[in-house]
């Protein structure tokens, strides 16, 4: 073999290796998004399982607050159906609705000293609040994974392989502006 053939062979081996490296990185990013979403699903399911217990505990004390309890139950159902469909936009909206209902429920609990003092309620409130924080953290990891994937599949030369092998973009899990805005604390004191 002549030196030109060796150079051509070396370039070919380098290109094949580089292509394999890009492909493997794209696969890793795709699976990081899937894993991050699965972690959110775990926390959502845990919270989903805790909510009926919270509702039952609250029903014992809050007979006149059925609208709030109904809102939480409906929101729980919306989160479950959005989660099953995999629609991140609907999941974000359903999460907003559920968080609003839980916020109202916990605020109303202040008017019921017996409920506030109930060990079961305190435990469930702490558990659900902890799960809320966990969901927020996992959502951040998910969105970071989505962002890394979406940026990478648009960068050259990765975009060539991403299109060839049908690697697609993922949707961020975002909350509506109301969720990001400062709460109106005046209405809590009226």
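Annotation note: Cβ proximity below 8 Å between a residue of the stretch 53-68 that is farther than 17 Å from residue 98 by Cβ and a residue that is surrounded by fewer than 15 Cβ atoms within 10 Å (Cβ to Cβ) and at pLDDT 75 or above (sequence gap 6+ or interchain) occurs for 57/120; 61/114. For the stretch 122-156, give me each residue that is over 21 Å from the mean Cα position of the chain (by Cα), over 15 Å from residue 29 (Cβ atoms) and modelled with pLDDT of 90 or more. Within the stretch 122-156, just 156 meets the criteria.
Got at least one residue in the stretch 62-70 being in a helix (DSSP H, G or I) and either under 18 Å from the mean Cα position of the chain (by Cα) or surrounded by 13 or more Cβ atoms within 10 Å (Cβ to Cβ) (or both)? So that I can check it myself, show each step before the final result.
Initial filter on the stretch 62-70 (in a helix (DSSP H, G or I)): 66-70.
Checking which are either under 18 Å from the mean Cα position of the chain (by Cα) or surrounded by 13 or more Cβ atoms within 10 Å (Cβ to Cβ) (or both) leaves us with 68-69.
Yes - at least one qualifying residue is present in the stretch 62-70.
What tally of residues in the stretch 1-47 results from selecting those that are surrounded by 10 or more Cβ atoms within 10 Å (Cβ to Cβ), modelled with pLDDT under 90 and over 14 Å from the mean Cα position of the chain (by Cα)? Residues meeting the conditions: 0.
Looking at the stretch 77-94, is at least one residue more than 30 Å from residue 29 (Cβ to Cβ), part of a helix (DSSP H, G or I) and more than 24 Å from the chain's Cα centre (by Cα)? Within the stretch 77-94, none of the residues are more than 30 Å from residue 29 (Cβ to Cβ), part of a helix (DSSP H, G or I) and more than 24 Å from the chain's Cα centre (by Cα).
The values are calculated or read from the model by the stated rules, or taken from the named source; none is laboratory data. Everything quoted here is computed from the prediction, not taken from an experiment. Ideal geometry is used to build each Cβ from the backbone, glycine not excepted, and the neighbour counts take in all protein chains shown.
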